[in-house]
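This report concerns only the one structure given below.
The values are calculated or read from the model by the stated rules, or taken from the named source; none is laboratory data. Quantities reported herein were computed from a predicted structural model and do not represent experimental measurements. Note that we place each Cβ from the backbone using ideal geometry, even for glycine, and neighbour counts take in every protein chain shown.
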């Protein structure tokens with residue numbers, strides 16, 4: 001559901017739509033590549049440098065569209081995958097440093113900026129419904145000379161980013177003694193996102209936040225008590241202490257691994273960076289635990305009752321694997337039986353969509369790390385526009401992989417674009433064709449099949465499933481046809 005005006009300026013709204021279309025058509029985040037004409041380049045650069053164009057307004061538009069999709073499809077339960085992405089632009093940073101200009105840096109590499117996003121998905125099908133949260137930021141490095149040396153503790157690494165100035169006393173303190181939600185740090189985004197999502201998504205929609213090991217934070221584990229109709233699934237990363245029934249304490253990994261095996265299952269592991277797709281034989285354990293509050297910082301809740309699911313690859317299956325499956329999932333959802341445990345595992349696996357999406361944004365896809373603009377504001381806008389453009393490509397792949405014909409094709413395409421897809425579908429489904437589109441017309445899966453064929457997929461059973469780049473190629477060609485028709489219409 002698109003608002004009447006995103007920027008309270010119809011000209012800016014039009015330039016925004018045109019830039020999104022050009023980036024989608026050419027499959028790139030770099031304006032010089034997305035806009036062949038000099039006039040289009042000038043318009044695009046003017047747009048991303050306009051002070052009235054802000055990331056918050058673009059995000060507001062994205063969230064409104066997501067809420068509209070939830071209501072249109074009458075979804076009552078959503079999965080929300082959140083993750084942080086680092087954008088390394090080493091050449092740009094070096095250029096700025098040589099010129100003595102301001103550089104915004106990431107905490108890890110000091111060569112780029114970061115974005116934190118949350119993608120909303122239908123829990124029953126895994127189909128993405130849109131963005132629920134997005135923040136883009138960078139930091140101005142704090143010189144080491146500004147940190148009071150006497151306040152350093154000898155047993156900690158001397159990094160300026162580990163310290164903050166107390167506004168009441170003026171003293172420098174180790175910042176990890178401060179609760180996450182009170183910090184101006186990368187970790188705070190993981191806690192802020194659920195609160196913003198709960199405020200924007202309708203109250204009757206059940207939210208399940210799904211995150212990987214970076215999201216293993218005590219405030220997230222206890223957030224169910226603060227938000228209504230809300231649950232969390234997170235893969236454990238920290239060796240937390242748990243309180244056992246006999247009153248003793250144990251390590252969370254040791255305890256979950258000692259529970260009897262409930263079932264053995266075959267699990268399909270998807271292809272990833274430097275990793276082949278394969279099938280793994282895993283053992284599933286589950287139960288209830290009481291996780292104790294960390295000693296520092298001190299949070300209000302002294303403990304939290306959770307369910308856990310431990311998924312461990314068997315010795316025979318893991319032989320020769322450099323990264324065998326060993327997941328410890330913590331959740332606020334009640335897990336009373338094996339079916340509940342397998343359902344939570346399925347929820348966690350849906351989170352991989354956001355990893356694929358971030359991969360699409362980078363080098364093999366839209367090339368966000370090649371963006372050449374130097375202004376932090378212009379870069380943030382450039383990235384936000386690209387995020388909207390690339391999302392449609394990732395959504396098409398998910399629609400194809402799920403084979404769910406309940407999601408409509410209008411989640412991605414306009415009426416004119418659907419006319420183009422329909423014509424292409426006729427070309428790919430002639431009488432002589434053996435393998436035809438198996439999905440009903442009007443569904444997202446139907447449109448995804450056409451886009452994959454346009455991107456070079458032959459639809460033969462012997463050929464592997466189309467990947468993100470295939471869908472990107474297909475949607476690029478469709479958008480090129482769309483742009484041609486629009487240009488002819490305006491002549």
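Residue by residue through the stretch 315-339, note down the ones that are closer than 18 Å to residue 264 by Cα, out of contact with any strand residue (DSSP E or B) (no Cβ under 8 Å at 6 or more places or on another chain) and either surrounded by 13 or more Cβ atoms within 10 Å (Cβ to Cβ) or assigned by TED's automatic domain parsing to the domain that holds residue 277 (or both).
315, 319
Taking the condition of being more than 29 Å from residue 215 (Cα to Cα), in contact with a helix residue (DSSP H, G or I) (Cβ under 8 Å, 6 or more places away or on another chain) and not in a helix (DSSP H, G or I), how many residues in the stretch 37-88 meet it?
Selection size over the stretch 37-88: 5.
Can you name every residue in the stretch 8-24 that is under 17 Å from residue 383 (Cβ atoms) and at pLDDT 85 or above?
15, 16, 19, 20, 23
From the list 365, 287, 316, which residue is assigned to a loop (DSSP other than H, G, I, E, B) and either over 27 Å from residue 118 (Cα atoms) or within 22 Å of the chain's Cα centre (by Cα) (or both)?
Result of the check over 365, 287, 316: 365.
Taking the residues in the stretch 199-222 that are closer than 17 Å to residue 82 by Cα and free of Cβ contacts under 8 Å to residues at least 60 places away in the same chain as candidates, determine which candidate is nearest to the chain's Cα centre (by Cα).
Looking at the filtered set, the residue picked out is 213.
Can residue 256 be described as touching a residue at least 40 places away in the same chain (Cβ under 8 Å), in contact with a strand residue (DSSP E or B) (Cβ under 6 Å, 6 or more places away or on another chain) and not in a strand (DSSP E or B)?
Yes: the conditions hold for residue 256.
Listed residues 225, 270, 303; which is under 23 Å from the mean Cα position of the chain (by Cα) and either surrounded by fewer than 16 Cβ atoms within 10 Å (Cβ to Cβ) or free of Cβ contacts under 8 Å to residues at least 12 places away in the same chain (or both)? Break it down stepwise before answering.
On the way: 225 fails: under 23 Å from the mean Cα position of the chain (by Cα); 303 fails: under 23 Å from the mean Cα position of the chain (by Cα).
When all the criteria are applied, what remains is 270.
Can you list the helices (runs of 4 or more DSSP H) lying wholly within the stretch 376-491 that have 3 or more residues being in contact with a helix residue (DSSP H, G or I) (Cβ under 8 Å, 6 or more places away or on another chain) and farther than 30 Å from residue 114 by Cα?
Fully inside the stretch 376-491 and qualifying: 415-428, 444-454, 468-490.
Suppose we filter 419, 349 for residues that are free of Cβ contacts under 8 Å to residues at least 12 places away in the same chain, more than 20 Å from the chain's Cα centre (by Cα), surrounded by fewer than 18 Cβ atoms within 10 Å (Cβ to Cβ) and at negative phi; which single one remains? Break it down into steps so the answer makes sense when it comes.
Details: 349 fails: more than 20 Å from the chain's Cα centre (by Cα).
419 is the lone residue from the list that is free of Cβ contacts under 8 Å to residues at least 12 places away in the same chain, more than 20 Å from the chain's Cα centre (by Cα), surrounded by fewer than 18 Cβ atoms within 10 Å (Cβ to Cβ) and at negative phi.
Counting only residues that are more than 18 Å from residue 288 (Cβ to Cβ) and assigned to a loop (DSSP other than H, G, I, E, B), which one in the stretch 228-253 is farthest from the chain's Cα centre (by Cα)?
The qualifying residue farthest from the chain's Cα centre (by Cα) is 239.
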